[in-house]
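Since the structure comes first, as structure tokens, the remarks are kept for the end.
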Amino acid sequence: MTERTPSPTLFSPLKVGGRTLRNRLCLSATVTNYAAGNRITERWKDFLIERARGGTAMLVTEVIAVDEEALAQGSTVTGFDDTNNDDFKDTAERVHIEGGQLVGQLWHPGRQQLWHPTKSPMGVSDQPDAYSWTVPHVMSDGEVQRVVEAYVATAERLWRCGFAGVELHGAHGYLITQFLSPWSNTRTDQWGGDLEGRTRFAREIAQGIRQRCASDFVIGIKIPGLEGVDGGIDLPESTRIAARLAGTGDIDYIACGQGNFSLSLETHVPDIHFKPGHFIDVHKALKAAAGQVPVMALGRIGRPELAETVVADGYADLVGMSRALIADAAFGKKAASGRAREIRPSVFDNFAWGEIHVGKPLAEFHNPRLGSAGEADWSPVTTGEPKRVAVIGAGPGGLEAAWTAAAAGHTVILFGRSPDPGGAYRLETLLPGRAEIADVINHQIHLCRLHGVEMRFGGEADVAAIRAVWPDVVVLATGGDERAAEEWMTIEPDMSGITRGARSWLRGHGPQEGRSAVLFDQDHGPTVYAVADLLAERFERVTLVTPRPQIAQAVNYCSAIGVHKRLHQAGVDIVTAARPVDFSAGTLVLENVYGGPERALSAVDLLVHAVPRRANDRLETALREACPDLPLHLVGDCRSPRNLMAAIHGGHAVACGL
């Protein structure tokens, strides 16, 4: 039975400028890096089209460069010439056919232009960029006027290509923010000084677009609600900016982002350590200031019931989502039709943001179909040759293989050693700030039940148990094993009882509290730092040791800011470029990997290590010997210990290929 749609306000229409949106759900601008050679690709289009097909009302493209000086890298789409006109037209038409309104985000990074090896970054003032510390060329009055015209001309091009509107990217420390903020704008000419001067750049762009484009062409602007730096845009200032821009009559909506490229960048994509809807009170203040101009809320909104609260209780008029729509392109359709439980959840760990920040194409660990045609309504092709499939291991890789194979029409028997599915990944939910990641496992379990997977948990699956179900094919997802400490350092046998792998310690083996704990980090992922957080809660003194010259190299930059903040605030001693070489009588000896002096830590009660795992392929060997003709596939850590995306994508690919 289909449940009643619980979000009537979210799925009510709204007039924005001269356009009527079918609901309040918006795709906020999402960098995909799917373009190539500054040209639009089919995958770039599909990402937008599929989210329109999935029920999203307004779709804001990723950044479109308004000026050749703004061109950052090959994955940045050009909007300042005719290169992409045909593809702009095609994308707009296909998005609109699916019921969506396509809005292009106009972008100039200003002093943030740190990707190109020779182009000089352009800035409002000579203040160094907070991220790279580069000093920009200060724009003259003529150069400012030229860039205003570049924005207007790009908007006119998109209008002629059939776009519903544009959004001026005035958040996150880019060029428009640099004009708006008293922290970055120290000019004394007409483009600086008071509120009137600092908003002039944005106002002239919007006015120019209004004069050159049709009356129903939507003009939005994204501004910071909280810039997060002393002397920058705080809430009183952002409300003044919103009121001034709304009062021009040229702005049709205002979106609210947070942070800039200082350490406040972590608020740009608030992660799992922020509460859901963390900034909606900021949005509510901007809504009050903007009067009749709709305001879009952004940041850590991932469930239909929260989105409904945002619009129904007057926090904002529109709900912008990126990570939730990366996880599930059909978020809107599922929520509107009472199938919210089927929405693939975002757990806001910022994995996807981390991929694009280092220049990779956008990827999500539990959405293997991301950016592909048909993504929004994808289901496995029904097999013409149903098989009996035994899946051994109920971690994320095994669960993904099981439900996908069952959905394709195979008979699937899933074996899990623990009474609780999720494998070692389930342990992560015990850590500070990580409970929410259980949503991924719970979603997979729901799909297994929905598609009729027979689940056998709480027992070891050996060759005899597998043979007993007469499988046509076996998928092994048995995970990986922790390496013994003796493999990577010298340990006195009588001291090994207080040396534990991170997983072993989380299972309750070894001291759970005491005076001093050491965590050896050869992992650099977010889980190991959550272990450090837990150790800091339970031990008086915690030392984090890594052989690398820095920590958190496998954590996306935004979330890494939070990692450093929590470790420093908890007083964790961070020792880089070091590795344990001996541990006896409670004294841990650290060797400097670059040949520096050794260091000894005394009175250590516990040594926890997070080092590369071993593949648990023991069952593979036994099966190949006992059943040499039985087709066998390995998924996840038992094939090669890697990350969560490798496990889930691997399980998905194997199931689709059966």
Practice item. Taking the options Gln145, Gln190, name whichever one is at pLDDT 95 or above, outside any helix (DSSP H, G or I) and more than 34 Å from the chain's Cα centre (by Cα). Key: Gln190
Point to revise | Out of Asp230, Asp271, sole residue that is farther than 30 Å from Val152 by Cβ and buried (at least 22 other Cβ atoms within 10 Å of the Cβ) | key: Asp271
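Of all residues in the stretch 151-164, how many are crowded, with 24+ Cβ neighbours inside 10 Å and either touching a helix residue (DSSP H, G or I) at 6+ places or on another chain (Cβ under 8 Å) or closer than 14 Å to Gly232 by Cα (or both)?
The qualifying residues number 5.
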Check your understanding: Just a yes or no: is a residue in the stretch 151-158 part of a helix (DSSP H, G or I) and among the hydroxyl-bearing types (Ser, Thr, Tyr)?
Key -> yes
Review point. Can you pull out the residues in the stretch 503-547 that are of a type in the set (D, E, K, R) and part of a helix (DSSP H, G or I)?
Key: Arg503, Asp533, Glu537, Arg538
Study note, to complete from the structure: Within the stretch 1-22, residues being open to solvent by 10 Å² or more (accessible area, probe 1.4 Å) and touching a strand residue (DSSP E or B) at 6+ places or on another chain (Cβ under 9 Å) number 9
Exercise for review: Only one of these is at pLDDT 95 or above, of a type in the set (S, T, N, Q) and either closer than 20 Å to Phe88 by Cα or surrounded by fewer than 20 Cβ atoms within 10 Å (Cβ to Cβ) (or both): Ser215, Ser184. Name it.
Suggested key: Ser215
Review point. Out of (1) open to solvent by 10 Å² or more (accessible area, probe 1.4 Å); (2) more than 22 Å from Lys360 (Cα to Cα), the odd one out for Thr91 is which?
Key: (1)
Exercise for review: Could you pull out the residue among Gln73, Gln113 that is open to solvent by 10 Å² or more (accessible area, probe 1.4 Å), touching a residue at least 40 places away in the same chain (Cβ under 8 Å) and over 27 Å from Ala376 (Cβ atoms)?
Suggested key: Gln73
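Could you say whether any residue in the stretch 213-223 is in contact (Cβ under 8 Å) with a residue 40 or more places away in the chain, under 19 Å from Val282 (Cβ atoms) and either of a type in the set (A, V, I, L, M) or assigned to a helix (DSSP H, G or I) (or both)?
Yes, the stretch 213-223 has at least one match.
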Study note, to complete from the structure: Residue pairs qualifying under the 8 Å Cβ cut-off, at least six apart or on distinct chains, with the first in the stretch 196-208 being under 15 Å from Val147 (Cβ atoms) and the second being among the polar types (S, T, N, Q), are Arg200/Gln190; Arg203/Thr248; Ala206/Thr248; Gln207/Thr248
Practice item. Look through Arg244, Arg210 and report the one residue that is open to solvent by 50 Å² or more (accessible area, probe 1.4 Å), in contact with a strand residue (DSSP E or B) (Cβ under 8 Å, 6 or more places away or on another chain), at pLDDT 95 or above and part of a helix (DSSP H, G or I). Key: Arg210
Revision key, fill the gap. Given the conditions (1) in contact with a strand residue (DSSP E or B) (Cβ under 6 Å, 6 or more places away or on another chain); (2) open to solvent by 10 Å² or more (accessible area, probe 1.4 Å); (3) modelled with pLDDT of 95 or more, every one holds for Arg200 apart from (1)
Practice item. Being surrounded by fewer than 23 Cβ atoms within 10 Å (Cβ to Cβ) and in contact with a Ser or Thr (Cβ under 8 Å, 6 or more places away or on another chain) is the filter here, so list the residues in the stretch 325-339 that pass it. Key: Ala336, Ser337, Gly338, Arg339
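Report, by residue number, each residue of the stretch 545-557 that is surrounded by 20 or more Cβ atoms within 10 Å (Cβ to Cβ) and in contact with a Ser or Thr (Cβ under 9 Å, 6 or more places away or on another chain). Walk me through how you get there before you give the answer.
Taking the stretch 545-557 first, the residues surrounded by 20 or more Cβ atoms within 10 Å (Cβ to Cβ) are 545-546, 551-552, 555-556.
Val545, Thr546, Ile551, Ala552 - these are the residues of the stretch 545-557 that are surrounded by 20 or more Cβ atoms within 10 Å (Cβ to Cβ) and in contact with a Ser or Thr (Cβ under 9 Å, 6 or more places away or on another chain).
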Exercise for review: Read through the list (1) within 24 Å of Arg503 (Cα to Cα); (2) open to solvent by less than 20 Å² (accessible area, probe 1.4 Å); (3) more than 34 Å from the chain's Cα centre (by Cα), then give the number of the only condition that Leu623 fails.
Suggested key: (1)
Review point. Looking at Val135, is it within 28 Å of Asp86 (Cα to Cα) and aliphatic (A, V, I, L, M)?
Key: no
Check your understanding: What pairs can you find where one residue is in the stretch 411-435 and free of Cβ contacts under 8 Å to residues at least 24 places away in the same chain and farther than 14 Å from Ala502 by Cα, the other is assigned to a loop (DSSP other than H, G, I, E, B) and open to solvent by 20 Å² or more (accessible area, probe 1.4 Å), and their Cβ atoms are less than 9 Å apart, with a gap of 6+ or different chains?
Key -> Ala435/Thr429
Review point. Which residue pairs have Cβ atoms closer than 7 Å, lie 6 or more positions apart in sequence or on different chains, and pair a first residue in the stretch 308-331 that is part of a helix (DSSP H, G or I) with a second residue that is of a type in the set (Phe, Trp, Tyr)?
Key: Arg323/Phe348; Ala324/Phe331; Leu325/Phe331
Exercise for review: Please list, ordered by first then second residue, the pairs with beta carbon atoms under 8 Å, 6 or more apart or interchain, first in the stretch 344-355 and on the phi > 0 side of the Ramachandran plot, second assigned to a helix (DSSP H, G or I).
Suggested key: Phe348/Arg323; Phe348/Glu436; Asn350/Arg323; Asn350/Cys558; Asn350/Ser559
Exercise for review: Please find, within the stretch 405-425, the residue that is farthest from Leu450 (Cα to Cα) out of those that are assigned to a helix (DSSP H, G or I) and either open to solvent by 30 Å² or more (accessible area, probe 1.4 Å) or touching a Pro at 6+ places or on another chain (Cβ under 6 Å) (or both).
Suggested key: Tyr425
Review point. What about Val572, is it closer than 24 Å to Gly354 by Cβ and either charged (D, E, K, R) or open to solvent by less than 40 Å² (accessible area, probe 1.4 Å) (or both)?
Key: yes
Practice item. Search the stretch 173-183 for residues being touching a Lys or Arg at 6+ places or on another chain (Cβ under 8 Å) and in a loop (DSSP other than H, G, I, E, B), and hand back the single one that is nearest to His268 (Cα to Cα). Key: Ser181
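Could you say which residue among Glu436, Glu375, Glu364, Glu428 is over 30 Å from Asp46 (Cα atoms), open to solvent by 10 Å² or more (accessible area, probe 1.4 Å) and acidic (Asp, Glu)?
Values: Glu436 fails: over 30 Å from Asp46 (Cα atoms); Glu375 fails: over 30 Å from Asp46 (Cα atoms); Glu364 fails: over 30 Å from Asp46 (Cα atoms).
Of Glu436, Glu375, Glu364, Glu428, the one residue that is over 30 Å from Asp46 (Cα atoms), open to solvent by 10 Å² or more (accessible area, probe 1.4 Å) and acidic (Asp, Glu) is Glu428.
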Exercise for review: Please find, within the stretch 450-490, the residue that is nearest to Ala408 (Cα to Cα) out of those that are among the β-branched types (Val, Ile, Thr) and open to solvent by less than 70 Å² (accessible area, probe 1.4 Å).
Suggested key: Val453
**Study point:** Scan of the stretch 287-308 for residues that are open to solvent by 20 Å² or more (accessible area, probe 1.4 Å), under 22 Å from Thr267 (Cβ atoms) and either of a type in the set (Phe, Trp, Tyr) or more than 23 Å from the chain's Cα centre (by Cα) (or both), ordered by number
**Key:** Lys287, Ala288, Ala289
Exercise for review: Could you look through the stretch 127-147, keep only residues that are open to solvent by 10 Å² or more (accessible area, probe 1.4 Å) and of a type in the set (A, V, I, L, M), and pick out the one that is nearest to Gly197 (Cα to Cα)?
Suggested key: Val138
**Study point:** Top-ranked residue of the stretch 36-53 - restricted to ones that are open to solvent by 10 Å² or more (accessible area, probe 1.4 Å) and not charged (D, E, K, R), ranked as nearest to Asn367 (Cα to Cα)
**Key:** Thr41
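The values are calculated or read from the model by the stated rules, or taken from the named source; none is laboratory data. All of these numbers come straight from a predicted model, not from anything done at the bench. Every residue, glycine among them, receives a Cβ derived from its backbone with ideal geometry; neighbour counts consider all protein chains shown. For the accessible areas, the whole protein counts, side chains as well, though only heavy atoms, and no ligand, DNA or RNA atoms are used. Shrake-Rupley method; radii C 1.70, N 1.55, O 1.52, S 1.80 Å.
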